[in-house]
Amino acid sequence: MVRCFLIHTVCPVSALGPGESRVLYSRVFGPDESIVSEQNRGLNPEERRLLQKEKVAVVARQVRSAVSLSREASGRPLVETVPGEEALALQEADSGVVRLRAGDPFNEEMSALWLGVQSLGFTLVCESYENLLLAEGTLRNLTRHCLEHLHMLGQGSESTCTFEEELIQAARGTCIQAQSLREVLQRLVQQHFG
């Protein structure tokens, strides 16, 4: 089962300090762990939301570290991509898996699959027993749809922003409409399991 999907920064952005990652979009699926967990049962809705937000931020930081290590180890320079070349950026994206131990940040062990496309990270957090090849294919399809969607939002603006800045601005402005993302996820799941 997929626990969450997030889009976050993986490279330095001018508004962030070194080593920081900004979550641009996140969507959590499944039961709320803070309701199920004994120790968190007494939390009010706002405290549960903040706890959920912190769990997503922990995943983003761990993935950011993994992307940085992967890029350093590969020795490949980060090539600037211009708008319209999303397919090329996706083909050259760094990818990997991070094991999230039980309790850090979720109650159970999870796997976080990630794609580092330029300065953005696309992460899918799954149960540890999930088929990682199937999850990676789903993540690539979802990332492609998100990049296409964000590129369409950025079209028409006469800006000198880089590709990453355009994506970040578009994501910040719209936060990718949850309805369209839900539809994409449903369609992808139905294709693989239906």
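What order do you get for 111-123, 91-103 when each peptide is scored by the mean count of other beta carbon atoms within 10 Å, highest first?
111-123, 91-103
Expected output is a single nm value to one decimal: the length gained when fully extending between residue 87 and residue 141, i.e. 0.36 nm times separation in residues minus the C-alpha distance. What is it? Spell out each step's value before the answer.
Working: separation 54, 0.36 × 54 = 19.44 nm, distance 1.11 nm.
Difference between extended and current length: 18.3 nm.
Please give the length that would be gained between residue 129 and residue 73 if that part of the chain were fully extended, namely 0.36 nm times their separation in residues minus their C-alpha to C-alpha distance (nm, one decimal).
Length gained between residue 129 and residue 73: 17.4 nm.
Just to be sure I understand the model, the point goes 7 Å from the Cα along the line to the Cβ. What's the resulting residue 61 to residue 49 distance in nm?
2.2 nm
Output ³J(HN,Hα) for region 55-69: one whole-Hz value per residue in order, computed from phi by the Karplus curve 6.51 cos²θ - 1.76 cosθ + 1.60 with θ = phi - 60°, and x for Gly and Pro.
Calculated HN-Hα couplings, in order: 4, 5, 5, 5, 4, 4, 5, 5, 5, 4, 4, 5, 5, 4, 4 Hz.
Values quoted throughout were computed directly from the atomic coordinates according to the rules given, and no laboratory measurement underlies them. Just so you know, these numbers come straight off a predicted model, no measurement behind them. Heads up, the Cβs are rebuilt from the backbone with ideal geometry, glycines too, and the neighbour counts pull from every protein chain shown.
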